[in-house]
Amino acid sequence: MQAPAHIAFIAAAYGAGIVVVAALIAWVMLDYRLQRRILAELETKGVSRRSAREPELTASEDR
Amino acid sequence: MRISELANPSRFLRVANLAIPWLGGATVIVFAYAIYRAMLAPDDYQQGATVKIMFLHVPSAWLGMLCWGLMTVAALGTLVWRHPLADVTAKAAAPLGAAFTLLCLVTGSLWGRPEWGTYWVWDARLTSELILFLLYLGVIALWRTVEDPSRAARGVAILTLVGAVDLPIIKFSVDWWNTLHQGTSVFRLGGSTIDSTILVPLLLMAAAFTLLFVTLLLAAMRNEILRRRVRTLRLLQASAAG
């Protein structure tokens, strides 16, 4: 079977797509782990928000 | 639940935690089917197999512009209504928009070389798309430069509103100027000029990319809310220590 013309350009474009999508997924997953780990460390040190002790958070407290 | 109730970050986190796995699953399924249909799509009678680059190039171009449009709405939310999630949305969306715009530029260059004989020309469509990418980099740099998130949000909002001028320029550049880039061929008066055997896989890929974008945006917004909680706790820790 003959490879289509310009197969290298098509492969490079799809390769770029895979790299960009994989990088975005890795970025959000690793960042989530990092923030969760830091929050857990701070909470084990006894640091907590006033709102965390209240049943519902007000919108302005997270700004 | 009303949409406005999601303005509460804790409620937003609960909804995001529920929605992200389902959206992620839906993204994988739609992508699998869209790629299958894209592989079955016939070669174009003029462009041959390189038309398959369109299945990546066009959705990433749409998302790059859609993302800036979303950031423009968020900028209004920050400046006018001071919506609690508006600047979170803007900050989370910027790297996603930058990535999709970069993918649009890269795939466009790789499509241009065999079709036009060059990777790049300074025509209106390509240049305005490059300006969008540089605007994204500017927004990301501004977020990183100003330490206080609410001060950074106001500066970013103004830059975003100014940058929104680029969106109609990108869209209509192929009508306003003579460009090497092809004219509007999907959403146009009189119907699409693309045959359904190529149009259907293209729209499926666009749906898959949009689902991916929504999933990543919710995840990045969740991360940003957690990052602000970390900042608040560190400030509390520092004030308690001082």
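Taking the helices alone, chain B has a mean residue ellipticity at 222 nm of -26500 deg cm²/dmol, built from -39,500 (n - 2.57) per DSSP H run of at least 4 residues and averaged over all its residues.
Given their separation in residues at 0.36 nm each and the Cα-Cα distance between them, B:LEU40 and B:VAL15 gain 5.3 nm when the chain is fully extended.
Counting Cβ atoms of other protein chains within 10 Å of each residue's Cβ and taking the mean over peptide A:27-40 gives 5. Charging the Cβ of each Asp and Glu at -1 and of each Lys and Arg at +1, and nothing else, the dipole of chain B about its Cα centre rounds to 1140 debye.
Over the Cα atoms of segment B:150-242, the radius of gyration divided by the Kirkwood radius equals 1.21; this is the Rg/Rh ratio. The three principal axes of the C-alpha atoms in the protein assembly as shown carry coordinate ranges of 70, 40, 34 Å, sorted with the longest axis first. For the segment B:232-239, counting C-beta atoms of other chains within 10 Å of every residue's C-beta and taking the mean gives 4.
Fewest-first ordering of B:LYS52, A:LYS45, B:LYS171 by other beta carbons within 10 Å of each residue's beta carbon gives A:LYS45, B:LYS171, B:LYS52. Across q = 0.07, 0.17 Å⁻¹, segment B:9-236 modelled as identical point scatterers on its alpha-carbon atoms has Debye log10 I(q)/I(0) values of -0.26, -1.26, in the order of the q list.
Straight-line cross-link partners of A:LYS45 among the lysines, defined as a Cα under 30 Å from its Cα and at least 8 positions apart when in the same chain: B:LYS91.
Values quoted throughout were computed directly from the atomic coordinates according to the rules given, and no laboratory measurement underlies them. Just so you know, these numbers come straight off a predicted model, no measurement behind them. Cβ atoms come from the backbone with ideal geometry, glycine included; neighbour counts cover every protein chain shown.
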